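Reading through the structure tokens given below for one structure.
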Amino acid sequence: MRFDPDFALSVIPTILSGLGTTLWITVAASLGAAVLGFTLEILRRSNRWLGYVMRFVIDAIRSTPVLVQLYFIYFVLPVYGLTLPAAASGVLGLAVYYSGYLAEVFKGGIDSIDAGQFEAGKALGLRRRDVILSVILPQMLRNVAAPMGNYFVSALKATPYLAVIAVPEMLGLAMEVGANSFRYAEPMVSVGAIFLILALGINVLVRKLEQRLQVAHQR
Amino acid sequence: MNDVSNFPAVRISGLQKWYGSFQVLHDVDLTVQANERIVICGPSGSGKSTLIRCVNQLETHQRGTIEVNGRQMGKSTPNMHMLRRDIGMVFQHFNLFPHLTVLENCTLALRKARGMSLAQARDVARHYLERVRIPEQQDKYPGQLSGGQQQRVAIARALCMNPKVMLFDEPTSALDPEMIKEVLDVMTDLAREGMTMICVTHEMNFARTVADRVVFMDAGRIVEQADPQTFFSAPSHPRARQFLSQLL
């Protein structure tokens, strides 16, 4: 069976019908991962014992396969009475998984902020919360824009995992085309090309953002 | 009523501090009255900076007491952030917020800690930027200013909170010589207006002309306290004599 370019093109609309799902799941999971990762890292710094606990949580998240985490949320939590729709499970799973990595990225981003910044905020009488949100967070984001963007791209590329819990994202649709037509080469090439274009697009955006941050906040 | 003027601005007694097993402050006693200007000097490593950083509890102490305006400052003090609002601090390396403009640096704490509206906070900030003679730079970022300008902004930022005491931690030590004067001029103005000031500095001319009292520290102890005239002409402690002779 030879590769049929016409068939490859013809399946693109079918696959793209999952684009919206892929994109919103990526965005929601990325935001969730950023918020959760930042929270984990801030709690890790807050006091010694909570620090140890959070260190373990972050390491545990990074040390278990994303598929195990997804299955856990989708198949195990319902046993204990928490049943989430497939898409919500997928968002939660990816958010948790990437929060572990982003917490590490944020750790580096915060460590590289001069200690004098914390002190100046404290000396002005700001609450800890305000020092974190108004002084530390914006400077951290500037420091971590590039590695954080990489993990967002990584989250995009991890959305096909959600095919295993029946979320109608693009890989799932491509597999369906394959199963119905007994041709897998064309839908796989098409779905791969779509992911490639999306990921390259995000990379460009991240690089633009990084440059703008550097210009705006020159030291 | 809890009238602040009944208390000394700062009262430190029996202060002891260790870094691990190394004792940096030995039994320090120091009382600073409202409207008094104190200059703390001494060789590096003598504990001057540590002492004033204990006043607003950027450093915690292990023994002794610190009171600011009659309020105890310590590790277990609740709402420390509220007490710090009345204590301004100026750092050696300015510590301006690089992601905020000059004006935003000054308005941040007014908005978050004093709960002012943006318009109100801007008015206050512009007033103090004018007093440190830098109103035209308000929309620039700290990185676009010279060291002297940055330090003057840092002073304005602290003054915005209308503090009862100002702490200066070697405010001119990181500056090029030609910028030292502009910062000292602002500090001198402030002293003339009656601000209570505790300054750690090596600027002996500033001490001579502005200070009510010079405190000399060595190896974690206050070894001499005197008015500047006495201190500079006839220091009684041999360590102070040696220190002054090296400066001249």
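Evaluated against (1) more than 14 Å from chain A (Cβ to nearest Cβ); (2) over 20 Å from residue B:195 (Cβ atoms); (3) crowded, with 23+ Cβ neighbours inside 10 Å, residue B:44 falls short on exactly one condition, (3). Of all positions in the stretch A:149-168, at least one carries a residue that is of a type in the set (Val, Ile, Thr), outside any helix (DSSP H, G or I), touching a residue at least 40 places away in the same chain (Cβ under 8 Å) and more than 14 Å from chain B (Cβ to nearest Cβ). When the stretch B:239-248 is filtered for residues that are of a type in the set (Phe, Trp, Tyr) and exposed (fewer than 14 other Cβ atoms within 10 Å of the Cβ), nothing remains.
May I ask you to verify whether residue A:145 is in contact (Cβ under 8 Å) with a residue 12 or more places away in the chain and under 23 Å from the mean Cα position of the chain (by Cα)?
In short, yes.
Just the residues that are buried (at least 17 other Cβ atoms within 10 Å of the Cβ), without any contact (Cβ under 8 Å) to a residue 40 or more places away in the chain and outside any loop (DSSP other than H, G, I, E, B), please, taken from the stretch B:226-238. Talk me through it step by step, then tell me what you get.
If we filter the stretch B:226-238 for residues that are buried (at least 17 other Cβ atoms within 10 Å of the Cβ), which is where we start, we get B:226, B:228, B:231-232, B:235.
Cutting the leftovers down to without any contact (Cβ under 8 Å) to a residue 40 or more places away in the chain gives us B:226, B:231-232, B:235.
Once the filter is applied, which keeps residues that are buried (at least 17 other Cβ atoms within 10 Å of the Cβ), without any contact (Cβ under 8 Å) to a residue 40 or more places away in the chain and outside any loop (DSSP other than H, G, I, E, B), the stretch B:226-238 yields B:226, B:231, B:232.
Being within 14 Å of chain B (Cβ to nearest Cβ), open to solvent by less than 50 Å² (accessible area, probe 1.4 Å) and under 28 Å from the mean Cα position of the chain (by Cα) holds for only one residue in A:90, A:121, A:109, and it is A:109.
Residues that are open to solvent by 20 Å² or more (accessible area, probe 1.4 Å) and either of a type in the set (D, E, K, R) or more than 8 Å from chain A (Cβ to nearest Cβ) (or both) within the stretch B:66-82 comprise B:67, B:69, B:70, B:71, B:72, B:75, B:76, B:77, B:78, B:79, B:80, listed in sequence order. What about residue B:33, is it over 26 Å from residue B:226 (Cβ atoms), open to solvent by 30 Å² or more (accessible area, probe 1.4 Å) and either more than 14 Å from every other protein chain (Cβ to nearest Cβ) or modelled with pLDDT of 95 or more (or both)? No, not satisfied. Residue A:6 falls short on exactly one of the conditions (1) acidic (Asp, Glu); (2) closer than 23 Å to residue A:132 by Cβ; (3) exposed (fewer than 13 other Cβ atoms within 10 Å of the Cβ), and that condition is (2).
Can you name the residue in the stretch B:83-107 that is touching a residue at least 12 places away in the same chain (Cβ under 8 Å) and assigned to a helix (DSSP H, G or I) and, of all such residues, is nearest to the other protein chains (Cβ to nearest Cβ)? Checking each candidate, the answer is B:84. A residue that is more than 14 Å from chain A (Cβ to nearest Cβ) and open to solvent by 20 Å² or more (accessible area, probe 1.4 Å) occurs somewhere in the stretch B:142-152.
Selection of first residues in the stretch A:125-140 that are more than 7 Å from chain B (Cβ to nearest Cβ) and buried (at least 19 other Cβ atoms within 10 Å of the Cβ) and of second residues that are part of a loop (DSSP other than H, G, I, E, B) and among the β-branched types (Val, Ile, Thr), restricted to Cβ pairs under 8 Å at least 6 apart or on distinct chains, gives the following pairs, ordered by first then second residue: A:136/A:113; A:140/A:113. Taking the criterion of being modelled with pLDDT of 95 or more and over 30 Å from residue A:157 (Cα atoms), would at least one residue in the stretch A:96-111 satisfy it? No, the stretch A:96-111 contains no residue that is modelled with pLDDT of 95 or more and over 30 Å from residue A:157 (Cα atoms). So, residue B:179, is that one within 21 Å of the chain's Cα centre (by Cα), farther than 30 Å from residue B:8 by Cα and of a type outside the set (Asp, Glu) or not? Against the criterion (within 21 Å of the chain's Cα centre (by Cα), farther than 30 Å from residue B:8 by Cα and of a type outside the set (Asp, Glu)), residue B:179 qualifies. For the stretch A:182-198, a residue qualifies if it is in contact with a Phe, Trp or Tyr (Cβ under 9 Å, 6 or more places away or on another chain), open to solvent by 40 Å² or more (accessible area, probe 1.4 Å) and part of a helix (DSSP H, G or I), and the qualifying residues are A:185, A:189.
Pairs meeting the criteria (first residue in the stretch A:29-47 and within 20 Å of residue A:111 (Cβ to Cβ), second residue open to solvent by 70 Å² or more (accessible area, probe 1.4 Å), beta carbons under 9 Å, at least 6 apart or on different chains) are A:43/A:53; A:44/A:52; A:44/A:53; A:46/A:128. Against the test of being in contact with a Pro (Cβ under 7 Å, 6 or more places away or on another chain) and part of a helix (DSSP H, G or I), the options A:26, A:21, A:39 yield a single qualifying residue, A:21.
Look at residue A:116 and say whether it is at pLDDT 95 or above, in a helix (DSSP H, G or I), open to solvent by less than 20 Å² (accessible area, probe 1.4 Å) and in contact with a His (Cβ under 8 Å, 6 or more places away or on another chain). Talk me through it step by step, then tell me what you get.
Working: at pLDDT 95 or above: yes; in a helix (DSSP H, G or I): yes; open to solvent by less than 20 Å² (accessible area, probe 1.4 Å): yes; in contact with a His (Cβ under 8 Å, 6 or more places away or on another chain): yes.
Here the answer is yes, as residue A:116 does meet what is asked.
Scanning the stretch B:119-141 for residues that are aliphatic (A, V, I, L, M), farther than 25 Å from residue B:184 by Cα and either part of a loop (DSSP other than H, G, I, E, B) or away from chain A (no Cβ under 14 Å) (or both) yields a single hit, B:119.
The values are calculated or read from the model by the stated rules, or taken from the named source; none is laboratory data. These numbers were taken from a predicted model, which means no experiment stands behind them. No Cβ is skipped: glycine too gets one built from the backbone with ideal geometry, and neighbour counts run over all protein chains shown. These accessible areas exclude ligands, DNA and RNA; they are computed on the full protein's heavy atoms, side chains included. Shrake-Rupley method; radii C 1.70, N 1.55, O 1.52, S 1.80 Å.
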